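Participant: One structure is given below, represented as structure tokens, and several questions about it will come after.
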Amino acid sequence: MKKRLLVVIMYSFVLFSIAAQSTKDYTIFLNIVKKELKEIHIQNYEEHFNEQYFIIKEKNDYFDVDTEVGLTNLYNICVQNDKSQWESIIKDHFSQVKNGRAEEKEILPKLEKIETGKEYLRIRLYPIDYKKQISKSSITDCSMDDYIGVVVIDFPSAVKALSNEYVKKWSISEKEILKNCKRKYT
């Protein structure tokens, strides 16, 4: 009996240690992100860090105003690496975002029409537990049990969720957009 109790206590200690380490790691990660945002002159944003995103509230060279910037993938990349590399990983991430803006300027005019825009559309799969972190304006496919599909614009160095504004612009349904994307994979 004492042996089982000792095992339960040790198991609980390990679980609580892992949870505490994760919280500590996420705090370190957020501090680096906030520092980088300050360095790239993004200081006006709405914090939703517990939900792993923030919303841009000012014009800048990286994001449009009101963009929801997700941190989940960036955090997952960081925790797979040594903490000494996190600052570099985060800095590189925001540098890629800025470079992606130039690509957007070139490709976005092609998205004015579905005929020229559809070549840039893809479906990106996320685990179903990411669902709450996906923007409500995204076009999604929830037909799978364990994954959620998000229609994205596939830029050369980045991807960006396709917003449902294109449904109106192209005069087609979300279902048709999803069908066009799925055709590429069948």
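The values are calculated or read from the model by the stated rules, or taken from the named source; none is laboratory data. Note that the structure is a prediction, hence the values are computed from the model and not measured. Methodologically, a virtual Cβ is constructed for each residue, glycine included, from the backbone with ideal geometry; neighbour enumeration extends over all protein chains shown. For the accessible areas, the whole protein counts, side chains as well, though only heavy atoms, and no ligand, DNA or RNA atoms are used. Shrake-Rupley method; radii C 1.70, N 1.55, O 1.52, S 1.80 Å.
Participant: Enumerate the strands (runs of 3 or more DSSP E) found wholly within region 121-186, keeping only those where 3 or more residues are in contact (Cβ under 8 Å) with a residue 40 or more places away in the chain.
Facilitator: 121-127
Participant: Return the residue satisfying two criteria in turn: it lies in region 53-75 and is at pLDDT below 90 and part of a helix (DSSP H, G or I), and of such residues it is least open to solvent (accessible area, probe 1.4 Å).
Facilitator: T72
Participant: Assuming W170 fulfils every condition listed in (1) farther than 28 Å from N76 by Cβ; (2) of a type outside the set (V, I, T); (3) in contact with a Ser or Thr (Cβ under 8 Å, 6 or more places away or on another chain); (4) surrounded by 13 or more Cβ atoms within 10 Å (Cβ to Cβ) apart from one, which condition is it?
Facilitator: (3)
Participant: Another question, then. Only one of (1) within 23 Å of the chain's Cα centre (by Cα); (2) modelled with pLDDT under 80; (3) β-branched (V, I, T) fails for T186. Which number is that?
Facilitator: Among (1) within 23 Å of the chain's Cα centre (by Cα); (2) modelled with pLDDT under 80; (3) β-branched (V, I, T), T186 violates only (1).
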